[in-house]
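Working notes, beginning with the structure itself.
The values are calculated or read from the model by the stated rules, or taken from the named source; none is laboratory data. None of these values were measured; they are calculated from a predicted model. Cβ sites come from the backbone with ideal geometry, for glycine too, and all protein chains shown count toward neighbours. Surface accessibility is based on the protein's heavy atoms, side chains included, excluding ligands, DNA and RNA. Shrake-Rupley method; radii C 1.70, N 1.55, O 1.52, S 1.80 Å.
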Amino acid sequence: MKRMQILGGVVAMMLGGTVLAAPVAAAAAPTVIKNTVQELSCVFDTLEGGTVYFFAGASSMDQSSGSGMFVEDETGVPFSGEGGTATFGSSFTGTVTMRDVDTGQAVGEVSVVASLERGEPRTDNIRERSGNSWTTGSTVTTDYTVLAQTVTVPGYTVLPEANDCSGSEIIFDVRTTNPAAQVYGDTEFESAICALEGLPYGEVRLTGSVQEPFFEVVIDDQVNPLKASGEVLMQGHRGSGSAPLSSLVTGDQVAVLNLTLDLQRAGRRQAESVAEPGWKERVSWVPYHASVDVTTSDGRAGRAKCDAEQVTTKIIIGPHAAQQQ
C-alpha cells in the first residue's frame, strides 16, 4: 500500500532547497538560545466605529524591538503601519507611523502608553526529540496585566477598556544538539478498506500501530450514513474496542458498536533503500492479516478479512549517510 511510494517523497520534502548544500563532517556544537522575548497586543474600539489593532515585541538576543498597527472598519483596512518603536519596563511605550493603505502616505503617528503589572512566573521544562537531535532546557513565562493609559490614533477617538490589551515575557534557556548525521524515523500501520460481510453497506479500516490500532467503521446507505471510530485495546495479537455508532447527518447516536480484532503476521519483513551522496532512505514493511468482527447494540453484525501493512521509514542525512544502515 505504501511501500516504495514513500522513497524519495519524504526525502524530497526534507531536503528541498538547502539541507545538502553544506553537509558537516562532524557533530557541530550545540545551539544554545538564551533570550528574553516580550510581547504586547491590543484591540481598541473607537467612537467612529472602526477597530484599532496594535501589537509590539522586543527580543534581548539581538536587542531588537518594534511595533505595528492597522485599522479595520466596514470598508476593510484603510490604515496600517509597521516598523515602529517599543519600550518595555514597568510600563510600555510604543509609537508607529500610520499610513493610508491605498496611497502609502503617512497620516500621523499612533502612540500607546500602558502600565504593566507582572503576574507569577510559570516554568515549563523542555525535553523534545527530532530524529536523533535533542532540545532540552526551559522557558519561564510571566503574563502581564496591561492597562492602556493613553492611546492616540489620528482621525479616531479611541475608547479604551480594561481588557483591551494583553502581554507577556518569555525567558528562553534552550540547548539543541547538532549531530553529524540527522536520523529520522517513522512507523505507520494501515489496512485496506474492507467490506463487512453480513452488514450491508458496512466497511472497516485500521490505522495507527500494531500495538495500538485505531478502527473506523462506516455504514453508508447513501441516506443516513453512520460512523463509529475508536481504539482497539490489544492483548497479544487479539484485541477489542467499542464506540458510539452515530449519524453523520444529525450527529445522533443510534447504537453502540463493538469490535474484536485478530491480527496475525502474514510474511517476512522486506526492505528497500535509496541512497545518494549526503542522504539515505530505507523503507521496510511487514504484512499482516486482520480478522475483524463487528456487532452493534441494535442487532447488526459483520465480519471482514483485511490485508494490512506496517511500514517503517528511516532517513539519514549526513556526509556518510549512504554507508550507514
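Here is how the numbers come out for the structure above:
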{"item": "Net +/- balance of residues flanking Arg99 in space, Cβ distance below 14 Å, scoring K and R +1, D and E -1", "result": "-4"}
{"item": "Extended-chain gain in nm, criterion 0.36 nm per residue less alpha-carbon gap, Trp134 and Ala301", "result": "55.3 nm"}
{"item": "All aspartates and glutamates inside 14 Å of Lys280 as judged from Cα atoms, apart from same-chain residues fewer than 8 positions distant", "result": "Glu272"}
{"item": "Separation of the Tyr53 and Asn224 label points, Cα + 7 Å toward Cβ, nm", "result": "4.4"}
{"item": "Three-way shape call for the chain based on the alpha-carbon gyration tensor, with the a/c threshold at 1.5", "result": "oblate"}
{"item": "Nearby aspartates and glutamates by direct alpha-carbon distance to Lys227 (threshold 13 angstrom, same-chain neighbours under 8 apart not counted)", "result": "Glu203, Glu216, Asp252"}
{"item": "In range of the label at Ser115: residues from region 135-160 whose backbone nitrogen is under 13 Å from the point 7 Å along Cα→Cβ", "result": "145-150"}
{"item": "Model label zone, Leu233; criterion: amide N under 17 Å from point 7 Å along Cα-to-beta-carbon; scope region 255-272", "result": "257-262"}
{"item": "For the chain: relative contact order, % (alpha-carbon pairs under 8 angstrom, 6 or more apart)", "result": "15"}
{"item": "Spin-label pair Ala106/Glu72, simplified geometry with 7 Å Cα→Cβ offset, distance in nm", "result": "2.7"}
{"item": "Mean separation of Cα contacts under 8 Å, 6 or more apart, over the residue count of region 169-323: relative contact order %", "result": "24"}
{"item": "Separation of alpha-carbon centers, region 99-138 and region 226-274, rounded to whole Å", "result": "43"}
{"item": "Modelled FRET efficiency - R0 45 Å, Val32 with Arg269, Cβ distances, 0.05 increments", "result": "0.65"}
{"item": "R0 of 22 Å, Cβ-Cβ distance Thr85-Ser166: FRET efficiency to nearest 0.05", "result": "0.65"}
{"item": "Reference-scaled alpha-carbon Rg (2.2 N^0.38 Å with N residues) for region 133-273", "result": "1.85"}
{"item": "R0 of 35 Å, Cβ-Cβ distance Thr142-Thr177: FRET efficiency to nearest 0.05", "result": "0.80"}
{"item": "Accessible area expressed per residue, the chain, with surrounding protein chains retained (probe 1.4 Å, Å²)", "result": "55"}
